[in-house]
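What follows is a short report on a single structure.
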Amino acid sequence: MSRWTRKDLIGLDDLSAEEICNVLETARAFKGVGERSLKKVPALRGRTLVNFFVEPSTRTRTSFELAAMRLSADVVNISAGASSLQKGETLKDTALNLQALRADIIVLRHSSAGASRFLADRLGASIINAGDGAHEHPTQGLLDAFTILQKRGKIENLHVAIVGDILFSRVARSNMYALTKLGARITLVGPSTLVPRAFEKLGVHVAHKLDDVLESVDVINVLRIQHERQRKEYFPGLGEYISLFGLTKQRVARLKPDCLIMHPGPINRGVEIDSDVADGPRSVILDQVTNGLAVRMAVLYLCAGGVGLSS
């Protein structure tokens, strides 16, 4: 396996299939750390990571913090409300000040697409994109791929349906880039206003009826409606959306017995997915959370200069 040479992780569109496999293999090695009584390795001892979250987050920020701590790095958390951005300081100047304080890695979540790339091109510190607008969320795409690989043993030739608000979803984009490069067949499902045919240019299929794909999918990844990124209504109402695209118990009964049910969170129970389905035996939602820790450990380790770990 070739050596990882990137200082940053901005998006999965940039990565080759080999680079994605390098991260997943490294994550597999790190997953064992979480199963020990002493859940810590000295891989990043002496390094400083700054979680700089201009957008709110619970799972992703906590996951990155725990990942850094398990690698023995020092961690500082900064939110937009507690930063000088509130006083009119630019994102660039804030980041340059963090670098001047010898931050080695900056994990950035921002509402503007391209914010992570902007900093990566200007700073010597490693920049990890924790979600930039509706562009990408690369570690979510990687942990979803890792979860599928762990549960199904392969990704190639699997049929994966991504259901919901594709237009505004950075998770959907990162999943598309990762899974198509690893050989999966992707179908995007949702109302035509949120899943335009233009997505087919990315090498995926588009369907506007969930019921048409249920029997054929091996994995179904359900997304919430991104109300915070929408400036108008893209469907008549939640009732109609649930009736057409909600993953109900009745629809789950039509899935293959070994079909995986995924969700990146946060879940709107009773909207995009029924509570019984989210908590059911086919759901791997909590496995995604656990695997996210291993994947983020791998990403931090590699971008800090570590070599890929393989069996």
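Remarks
- Annotation for segment 31-49: no member residue is closer than 22 Å to Gly133 by Cα, in a helix (DSSP H, G or I), within 24 Å of the chain's Cα centre (by Cα) and without any contact (Cβ under 8 Å) to a residue 12 or more places away in the chain.
- Arg61 meets the stated requirement of being of a type outside the set (A, V, I, L, M, F, W, C), open to solvent by 70 Å² or more (accessible area, probe 1.4 Å) and closer than 14 Å to His137 by Cα.
- Candidates Ala115, Ala73, filtered to the one that is crowded, with 18+ Cβ neighbours inside 10 Å, in contact with a Ser or Thr (Cβ under 9 Å, 6 or more places away or on another chain) and among the hydrophobic types (A, V, I, L, M, F, W, C): Ala73
- Screening segment 67-180 for strands (runs of 3 or more DSSP E) wholly inside it with 1 or more residues that are in contact with a Pro (Cβ under 9 Å, 6 or more places away or on another chain) returns the ranges 74-79, 105-110, 126-132.
- Residue within segment 224-238 that is surrounded by 20 or more Cβ atoms within 10 Å (Cβ to Cβ), at pLDDT 95 or above and aliphatic (A, V, I, L, M) present: no
- When each of Arg109, Arg28, Arg47 is tested for being under 30 Å from Leu182 (Cα atoms) and open to solvent by 50 Å² or more (accessible area, probe 1.4 Å), the lone residue that passes is Arg28.
- Looking across segment 185-225, the residues that are assigned to a loop (DSSP other than H, G, I, E, B) and under 16 Å from Ile261 (Cβ atoms) come down to Val213, Val217, Asp218, Leu223, Arg224.
The values are calculated or read from the model by the stated rules, or taken from the named source; none is laboratory data. Quick caveat, the model's predicted, so the values are computed rather than measured. Backbone-built Cβ (ideal geometry, glycine too); neighbour counts: all protein chains shown. SASA here: full protein model, heavy atoms, side chains in, ligands and nucleic acids out. Shrake-Rupley method; radii C 1.70, N 1.55, O 1.52, S 1.80 Å.
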